[in-house]
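K.L.:
Below you'll find the structure I mean.
The values are calculated or read from the model by the stated rules, or taken from the named source; none is laboratory data. Computed from a predicted structure; not experimentally measured. Only protein heavy atoms, including side chains, enter the accessible area calculation; ligands, DNA and RNA are left aside. Shrake-Rupley method; radii C 1.70, N 1.55, O 1.52, S 1.80 Å.
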Amino acid sequence: MPKYWWVNHKQTLRQEIDGQYLWSPKSSKGGARNQFYDNMRLASPGDIVMSFANGQIGWIGRVAEFAFTAPKPAEFGDVGAYWDHEGWLLPVYWTELIPPVRPKAMIQQLGPLLPQKYSPISALSGNGYQNAYLASVPPEVFEIIAAEAAFSRDALAR
């Protein structure tokens, strides 16, 4: 049974979608442990990832391999200048959601399902948390989001 993940990546959306991956530092500034970064190592091939940026989920991805140590992608440029130069790279095959889904518009359905701790968005407002990166979510969150979009589930099977 796959796990379901939600990534907040407004700053690096284009690079990560185009490159078919996710990348995060291994720890927060100063070396502090960060559950959202630790989740990169918990994601497994076949897991599903929802891409959240600019208030919408515009892509759904399937994890292709386990995360591995990799340098910060050069295509990030000055984005995340304060991040360590070494982090986790998680290969993900992305499929565009058409139309994109706005979680804020369905927060009454989603809110009660979101994790109490390490939620990617506010269960009350639907606004994304800036400090959240890769968050675990229950399958029901994915089902609600997927029901609002017209993407082919077969695309995730490739």
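K.L.:
Take the solvent-accessible surface of the protein heavy atoms, probe 1.4 Å, and return the percent of it on the chain that carbon and sulfur atoms account for.
P.N.:
Whole-percent figure for carbon plus sulfur exposure: 53.
K.L.:
Tell me, what HN-Hα J-couplings in whole Hz come from the Karplus equation 6.51 cos²θ - 1.76 cosθ + 1.60 at θ = phi - 60° for each residue of segment 52-69, using x for Gly and Pro?
P.N.:
Taking θ as phi minus 60°, the curve returns 10, 7, 6, x, 9, 9, x, 8, 10, x, 10, 5, 9, 8, 5, 5, 9, 5 Hz for segment 52-69.
K.L.:
Now, a different point. Under a cut-off of 18 Å between alpha-carbon atoms, report the lysines in cross-link reach of K26, not counting same-chain residues fewer than 8 places apart.
P.N.:
K72
K.L.:
While we're on this one: Give a residue-ordered list of calculated ³J(HN,Hα) values for segment 10-16 (Karplus: 6.51 cos²θ - 1.76 cosθ + 1.60, θ = phi - 60°; whole Hz; x for Gly, Pro).
P.N.:
For segment 10-16, the Karplus curve yields 4, 5, 10, 3, 4, 5, 6 Hz.
K.L.:
Per residue, how much accessible surface does the chain expose to a 1.4 Å probe? Answer in Å², no decimals.
P.N.:
Value for the chain: 51 Å² per residue.
K.L.:
Long-range amide H contacts for L97: which residues qualify at under 5 Å (H placed 1.01 Å from N, peptide plane, sequence gap of 5 or more or a different chain)?
P.N.:
W59, I60
K.L.:
Follow-up. Please report, in cubic angstrom per residue, the volume enclosed by the convex hull of the alpha-carbon atoms of segment 49-141.
P.N.:
125 Å³
K.L.:
Moving to a separate point now. What residues qualify as long-range amide H neighbours of K72, i.e. H under 5 Å apart, gap of 5 or more or another chain, H built at 1.01 Å from N?
P.N.:
Result for K72 returns E86, G87.
K.L.:
Same structure, new question: Semi-axes of the equivalent ellipsoid of the chain: what are they in whole Å, largest first, if each equals the square root of 5 times a C-alpha gyration tensor eigenvalue?
P.N.:
Values for the chain, descending: 23, 18, 14 Å.
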